[in-house]
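*Asks:* Structure incoming, see below.
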Amino acid sequence: MVFKDGRARKTANICWFAPQAGCHADITQPAWMGDKLRRNFKMKTTNTLIAAAAFVGIFSVVQTAFAVDEYNVTKGTTVDGHGISFRGNDVVAIASGLGVVPGQAKYTFVHDGVAYYFASVEAMNKFEEDPEKYMPQYGGYCAYGVALGKKLDGSPRFADIVDGKLYLFLNADVYRAYEKDKAGTLVKAAENWPEIQHVSVADVNG
C-alpha cells in the first residue's frame, strides 16, 4: 500500500518485551515509523544507563562518607592499604585478659576493611570465628573520650573488660578518671557513639 505522499507501507513483526519467545502479531505500520521508534528506544535506553551510572556514583560517595574514621587505625602501614587496628597488638590476647602481646604481620586478618595482627594462627582463627567477641568497643577509640563526645586515641595499655566487652582509654590519667564512675562513663559513651560514629575525627574533635 502507498500513502498519498508516496511513502510505502510495510508489514513488520514487532515484539518489544519477549523477542526470545517469538512474536507472531503482524502490525502494519509505515517504514519510517519503525525507524523513529527504534531511535526513540535507543535514546531512552541511553538516558536510563546514564541515570543508573549517576546513581551508582552517588551511592558510592555516600558509602565512602559513612566509612570515615569509624575505626581507630594506624594508616598506610600494610601493603594492601588497610589501616592496622590496636597498634598492631593481638586483640584476642588483650580481650582474653592476657595483657599486651605484639602481633605479627604474617598472622593478619582483615575485618570490615581493618587489618588485625595476631601473635599466633590460633589467635587469628579465634578472631575470624567471632570478631565481635574480641573487637574493642567504639572502633578502638577511647571510651572516656566517646563519653565526652570526642574521638580520642585508645591505648591497649589502658584497657578494661566489662561484661565481656573490651574498652580502651587514652592514658593513665584518663583511665583513673574513668574508674571514678565506670558505669556512668559507659552509659554516656553508648549514648554518644551513634551520633559520632560516622563523623570524621577532625569534625568531631573540632
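*Asks:* Can you tell me how many residues within region 135-146 are surrounded by 22 or more Cβ atoms within 10 Å (Cβ to Cβ) and in a helix (DSSP H, G or I)?
*Replies:* 6
*Asks:* Go through region 72-105 and give me each residue that's under 25 Å from the mean Cα position of the chain (by Cα), in a strand (DSSP E or B) and surrounded by fewer than 19 Cβ atoms within 10 Å (Cβ to Cβ).
*Replies:* The answer is 74, 83, 105.
For (1) modelled with pLDDT under 60; (2) under 30 Å from residue 149 (Cβ atoms); (3) out of contact with any strand residue (DSSP E or B) (no Cβ under 6 Å at 6 or more places or on another chain), each residue gets a yes or a no:
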| site | (1), (2), (3) |
| --- | --- |
| 44 | yes, no, yes |
| 67 | yes, yes, yes |
| 73 | no, yes, no |
| 76 | no, yes, yes |
| 95 | no, yes, no |
| 108 | no, no, no |
| 114 | no, yes, no |
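The values are calculated or read from the model by the stated rules, or taken from the named source; none is laboratory data. As the structure is a prediction and not an experimental result, all values here were calculated from the model. As a convention, Cβ positions derive from the backbone with ideal geometry for all residues, glycine included, and neighbour counts pool all protein chains shown.
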